[in-house]
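Take a look at the structure below.
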């Protein structure tokens, strides 16, 4: 039976820590239990990672105002790289005070790091990794957002609803290629062409030429915002492709996409399992801006909520890694905008999918898709 916890519920605060086998069970920690954030703090994907990390910091700071036993915070800056994340994850495992991780931020880095966390019995709650391969990856992995098995069909339906001829491009990453594969499967009757690039591509001229030759009226891009901004500019600069609809998932939905693509981003069709913070938690959005001097980003709320769930487990006295992980499988926690509980696969029981666009240089929520 799942334990029900309200956002405002009062529960006994722990006055000590449980001692067990180190390091995987938080035994020899000389200080406070520590929650790590895994994601980019530097590099091309830092905008998303900084906003997610700030969400975690805000949750911990608010918790520590009333907690008798404080919770510390640390970060591993993976630059969203699957090549870098395993070694950094090992540092978390070796930290006796590390009790949980919020992250990873992107799917590739998370897929690479989860086996390391499992070896150290570190519970993981991702705010934004959506690749379906993470499902059943490990009993220590959880996420608060729906996977691309929900996002992909939603994107396909957008393309179908536009009565478009669809050209599909992916960046060969676990996220981008995986999402594109699902879109192609669900929109197979309207796909008129496909192509692939690599992460870091800066010249999309050959792709644009193929889009032109296909006579596509819409393009789906499976990838992230740095390359998407370059791609959409190349499309808009070519008279033959200037008016094609641009469709992409949550890897593109970021304020940095608007900064990089500028006016070219206007009217993009975008989706995300993340909720609009300014709508579902306006007071928290204001508090975030006051604390960090910046507007929240996509998945700031989900990162806050992921940390909040872990903090409620710690408050309930689950101060070993294994105890906290077991608690995650049983608890139902009311957070901002939803209730969070996890299925046996680590996926959330409550799944939402939203459509967004870019209007007047701002990310704008359009409607809930599921």
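The values are calculated or read from the model by the stated rules, or taken from the named source; none is laboratory data. What you are looking at is a predicted structure, and each value in this text was computed from that prediction instead of being measured. FYI the Cβ positions are ideal-geometry reconstructions off the backbone, even for glycines, and counts take in every protein chain you see.
Scanning segment 318-344 for residues that are in contact (Cβ under 8 Å) with a residue 40 or more places away in the chain, assigned to a loop (DSSP other than H, G, I, E, B) and either in contact with a helix residue (DSSP H, G or I) (Cβ under 8 Å, 6 or more places away or on another chain) or within 24 Å of residue 50 (Cα to Cα) (or both) yields 336, 337. In segment 157-167, how many are surrounded by fewer than 24 Cβ atoms within 10 Å (Cβ to Cβ) and in contact with a strand residue (DSSP E or B) (Cβ under 6 Å, 6 or more places away or on another chain)? Residues flagged as surrounded by fewer than 24 Cβ atoms within 10 Å (Cβ to Cβ) and in contact with a strand residue (DSSP E or B) (Cβ under 6 Å, 6 or more places away or on another chain) within segment 157-167 amount to 4. Of everything listed in (1) more than 23 Å from residue 369 (Cβ to Cβ); (2) in a helix (DSSP H, G or I); (3) under 21 Å from the mean Cα position of the chain (by Cα), the single unmet condition for residue 305 is (1). For segment 36-49: of the residues being crowded, with 20+ Cβ neighbours inside 10 Å and out of contact with any helix residue (DSSP H, G or I) (no Cβ under 6 Å at 6 or more places or on another chain), which is nearest to residue 92 (Cα to Cα)? The qualifying residue nearest to residue 92 (Cα to Cα) is 38.
Residue-by-condition table, conditions (1) more than 23 Å from the chain's Cα centre (by Cα); (2) within 16 Å of residue 152 (Cβ to Cβ); (3) in the same structural domain as residue 134 (by TED's automatic domain parsing):
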| position | (1), (2), (3) |
| --- | --- |
| 175 | no, yes, no |
| 181 | no, yes, no |
| 187 | yes, yes, no |
| 193 | yes, no, no |
| 216 | yes, no, no |
| 221 | no, yes, no |
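Restricting segment 87-105 to residues that are in a helix (DSSP H, G or I) and in contact with a strand residue (DSSP E or B) (Cβ under 6 Å, 6 or more places away or on another chain), which is farthest from residue 71 (Cα to Cα)? My answer is 88. When residue 191 is tested against the conditions (1) in contact with a helix residue (DSSP H, G or I) (Cβ under 9 Å, 6 or more places away or on another chain); (2) in contact (Cβ under 8 Å) with a residue 60 or more places away in the chain; (3) surrounded by fewer than 23 Cβ atoms within 10 Å (Cβ to Cβ), the lone failure is (2). Restricting attention to segment 345-359, the residues that are in contact (Cβ under 8 Å) with a residue 24 or more places away in the chain and outside any strand (DSSP E or B) total 6. Every residue in segment 1-60 that is at pLDDT 80 or above, assigned to a loop (DSSP other than H, G, I, E, B) and within 22 Å of residue 299 (Cα to Cα), please. Passing the criteria: 40, 41, 42, 43, 44, 45.
Checked across segment 168-181, the condition of being more than 26 Å from residue 227 (Cα to Cα) and part of a helix (DSSP H, G or I) holds for no residue.
Table: residues versus (1) over 27 Å from residue 42 (Cβ atoms); (2) assigned by TED's automatic domain parsing to the domain that holds residue 37.
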residue: 86; (1), (2): no, yes
residue: 92; (1), (2): no, yes
residue: 98; (1), (2): no, yes
residue: 116; (1), (2): no, yes
residue: 125; (1), (2): no, yes
residue: 135; (1), (2): yes, yes
residue: 163; (1), (2): yes, no
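Taking segment 247-259 as the region of interest, how many residues are more than 18 Å from the chain's Cα centre (by Cα) and crowded, with 24+ Cβ neighbours inside 10 Å? Matching residues across segment 247-259 total 1. The condition of being surrounded by fewer than 19 Cβ atoms within 10 Å (Cβ to Cβ) and over 22 Å from residue 201 (Cα atoms) holds for only one of 274, 267, that being 267. Residues that are at pLDDT 95 or above, out of contact with any helix residue (DSSP H, G or I) (no Cβ under 8 Å at 6 or more places or on another chain), surrounded by 18 or more Cβ atoms within 10 Å (Cβ to Cβ) and under 16 Å from residue 37 (Cα atoms) do not occur anywhere in segment 144-156.
Screening residue 207 on (1) more than 15 Å from residue 241 (Cβ to Cβ); (2) touching a strand residue (DSSP E or B) at 6+ places or on another chain (Cβ under 7 Å) shows it passes everything except condition (1). Checking each residue in segment 191-224 for being more than 30 Å from residue 105 (Cβ to Cβ) and not in a helix (DSSP H, G or I) picks out 192, 193, 215, 216, 217.
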